[in-house]
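See structure below.
The values are calculated or read from the model by the stated rules, or taken from the named source; none is laboratory data. Please read all numbers here as calculations on a predicted model, not as lab measurements. We place every Cβ from the backbone using ideal geometry, glycine too, and count neighbours over all the protein chains shown. Heads up: the accessible areas ignore ligands, DNA and RNA and are worked out on the full protein's heavy atoms, side chains in. Shrake-Rupley method; radii C 1.70, N 1.55, O 1.52, S 1.80 Å.
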Amino acid sequence: MATKIDKEACREAYNLVRDDATDVNWVTFKYNGSTIVPGDQGVDYETFKRKCTDDVRLFGFVRFTTGDAMSKRVKFALITWIGEDVSGLQRAKTGTDKTLVKEVVQNFAKEFVISDHKELDEDYIKNELKKAGGANYDAQTE
């Protein structure tokens, strides 16, 4: 059965993360049967990481504050999580299903496809976003 997405509900969740007036820093998009729907949302990145278990596949839209001494910037990441225990067929479908998520989640600095918990490290993600972000005025101290 072909995967569908609840665009309205997912767009609402996506906009919560993008809205500077809310405390929501992340949202997950999960599978409900063959439909992608909004999952959990929250403030703390560690809580998001705990949603990424070995038996699930999900998409996460996460807000990070990056930058250097001269400027702080908000950057967004699209994280595709595929747990180690997810079947081969579901793994393959996740790649094509991501195109549905990208119809809603259109603005992000970098996307990640992750199945190893170590790659969910906040410093790793922030460093990758910093590289994608352009000017780095702290470069002379690194």
Looking only at region 15-53, how many residues end up being open to solvent by 60 Å² or more (accessible area, probe 1.4 Å) and touching a Lys or Arg at 6+ places or on another chain (Cβ under 7 Å)? 1
I'd like the residue in region 96-115 that is of a type outside the set (Val, Ile, Thr), open to solvent by 40 Å² or more (accessible area, probe 1.4 Å) and in contact (Cβ under 8 Å) with a residue 12 or more places away in the chain and, out of all such residues, is nearest to Leu78 (Cα to Cα). Glu111
Hits in region 54-69 - residues which are touching a Lys or Arg at 6+ places or on another chain (Cβ under 6 Å) and aliphatic (A, V, I, L, M): Leu58
Filter region 54-74 down to the residues that are open to solvent by 40 Å² or more (accessible area, probe 1.4 Å), farther than 17 Å from Glu119 by Cβ and either at pLDDT 95 or above or basic (Lys, Arg) (or both) and list them by number. Asp55, Lys72, Arg73
